[in-house]
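As C-alpha cells, the structure follows; a few thoughts come after it.
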Amino acid sequence: MVAERKAAPGARRPARAGAANNRPAAHSAAPAGVRYVTVDSEHAGQRLDNFLIRLSKGVPKSHIYQVVRSGQVRINSGRAAADQRLSAGDEIRIPPMRTASPGKVPAPGAAAALPVVFEDEHLLVVDKPAGMAVHGGSGVSFGAIETIRAARPNQPFLELAHRLDRETSGLLMLGKSRRALLRLHAMLRQGEVEKHYLALVAGRWLNDRQHVKLALSRGGEGAAGKVRVDPQGGAAAHTVFELRERFEQFALLDAELRTGRTHQIRVHLAHIGFPIVGDGCYGNFELNRRIARGELGAPLERMFLHAARLRLPHPVSGEPIGFTSRLAPECETFLGVLRGA
C-alpha cells in the first residue's frame, strides 16, 4: 500500500526533510486536487511512470507522460523523469489529471475475456485472447493489464511479468507482489521459465526438430518497431521448433523460446521461409488474405500463434508449477479443415 494525502486548498507544501527544494520561494499555493503519495517498500525500485499508471486508473498514458515532462510531478520536491526509480519513503507530488472518456474505461465485467488459469497471493496467470494488447498505448486505450486492474480495484500490486504480442493468444503471467515480480523477471532473464508456443506455418516443413539461432535487432524495413535478423549487431536469439503435425501446404509447430526477443518466433520462421499463418507484419500477405476470406474452407482472421505451455519454479516457494492453454476455437476449426474433417 502507499500512503496518500491531498493538499488542503491554498496550502503550501513544506520541503521534505533532507530533500532538495527546487521550487522558487515565491511559488504559489498548491492547487486544489494535488495529491502527495509516500512510496512504501513494496513499490521501491519501480519506475515513476509505471507507478503513476498503476495509481491513476482511467488516466491516458499520454497524459501521464505529459504532466511528468512538464514538471508537475515531483519527487521529494524536485523535478522527476518518467524512468526515475523510486525509493521507499519518497514523497511524490501528483497534480490533478484528466481521465479518459467514460466510454473508454473498461467495465469490471470485461475481465471475463481473460480466464484465470492460476492464482495465489503472489502470481496470476491468465489466458489472453488474440487481438488484445497487453497494455494500453500506441492507439490502444486499455489492454489486458488495465482490464484486469479495473476488475480488481482492491488489489494493491499487479504488474506484467512479461508480454505477448497483441495478435498472440495464450498464457500471460502477472506478479501480485513486488517480490514475486522481481523473481519472475530474474527467472525470465536466466532462462528458468520454459515457454512453448503453437504456430501454424505455411510451407512444407521437413525436420522433426530444428534449432534456429539468428541474432535479432529492431529497425527493419517499414515500421520503426519491426525486427530483423542482424548477424553482426543483433542480440542473440534461440528458438527450438518441433513438428507437431504436417499438412499438404502447412505445418503445426511447437516453438520453445530459449531467449525472449521481441517478435522472435515470427521473425525466425519468416526468415527461414515458413511464415506464420495470419502474420500481418512478417507473413505471406496474399495467403493471409485468402485464408481470411475462407478460400481454404474456413476463414481465419488472426495470427496462428498461441502461448500454450509454461513451466517454472514458483517465484516465491520455488515449487515446480506448470500451466497449459488450449487453442482458440477458430484455430481448432481451421486445423480441422486441414485434416479433412
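Laboratory data are not the source of any read-out in this text; all were calculated from the coordinates shown. Everything numeric in this text was worked out from a predicted model, so none of it was measured. FYI the Cβ positions are ideal-geometry reconstructions off the backbone, even for glycines, and counts take in every protein chain you see.
What residues of the stretch 50-68 lie in the reach of a label at ARG79, counting those whose backbone N is under 15 Å from a point 7 Å from the Cα along Cα→Cβ? It comes to 66-68, nothing else.
Protection proxy ranking, highest mean first, for peptides 170-178, 329-337: 170-178, 329-337, where packing is the per-residue count of other beta-carbon atoms within 10 Å, averaged.
In the stretch 222-341, one over the average inverse separation of all distinct C-alpha pairs is 16.2 Å, which is the Kirkwood hydrodynamic radius. Extending 7 Å from the Cα toward the beta-carbon at both LEU55 and PHE285 defines two label points whose distance is 4.5 nm. Placing a label point 7 Å from the Cα of ALA292 along the Cα-to-Cβ line, the residues of the stretch 246-284 whose backbone N sits under 16 Å from it are 276-284. Remark on the stretch 104-338: hydrodynamic radius 18.6 angstrom, per the Kirkwood mean of 1/r across alpha carbon pairs. Annotation: peptides 292-298, 262-268, ranked by per-residue average of other Cβ atoms within 10 Å with the highest first, follow the order 262-268, 292-298. Once backbone amide H atoms are built at 1.01 Å from N, LEU164 has VAL134 as its partners under 5 Å, excluding neighbours fewer than 5 places away on the same chain.
Which residues in the stretch 227-268 place their backbone N less than 13 Å from a point set 7 Å from the Cα of HIS211 along the Cα-to-Cβ direction? Hits in the stretch 227-268 for HIS211 at 13 Å: 237-241, 258-259.
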